[in-house]
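See structure below.
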Amino acid sequence: MLKCICDETRYEILELLQINQELCVNDFVEKLDKDQPLISHHLKTLKKCGIVKSRDEGKKAMYTISSNQLSKLISNVTSASKKIPVLCSENNCC
């Protein structure tokens, strides 16, 4: 799972889903300022890994994180990743 989310764009998609709960492809395109085919590719990968799920709403597919457990795990990974530079500077390990 970590290998699947380690891509910068997929990571950004998941961060947006943490904040917004549910978004369509066009929402991601607008918020991330990236091309629609690229966003669709990354959403397909996240869906294949079981990290996100989609539901149809008219002509749009709405995406969410597939479970509360995964949402909590992603939140923990996001939180930990923001602490790493601070930990390194505190311990002078970098």
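Where a number appears in this text, it was derived from the coordinates with a stated rule and is not lab data. Every value quoted in this text rests on a predicted model; they were computed, and no experiment measured them. Please note: Cβ atoms are built from the backbone with ideal geometry, for glycine as well, and neighbour counts cover all protein chains shown.
Structure notes:
- Length-normalised contact order for the range 2-91 - Cα pairs under 8 Å, 6+ apart - percent: 28
- Among L38, L14, L46: highest mean-square fluctuation, GNM of the chain, C-alpha pairs under 10 Å: L38
- S66 long-range amide H proximity, modeled H, under 5 Å: V52, K53
- Choice from K60, K31, K82 showing the highest fluctuation, given a GNM over the chain with Cα pairs closer than 10 Å: K82
- Taking a sphere under 13 Å around the Cβ of A61 and counting the other residues whose Cβ falls inside, with K and R at +1 and D and E at -1, yields a net charge of +2.
- Binning the alpha carbon pair distances of the chain at 5 angstrom intervals from zero yields the distribution 2, 13, 24, 23, 16, 9, 6, 4, 1, 1, 0, expressed in whole percent.
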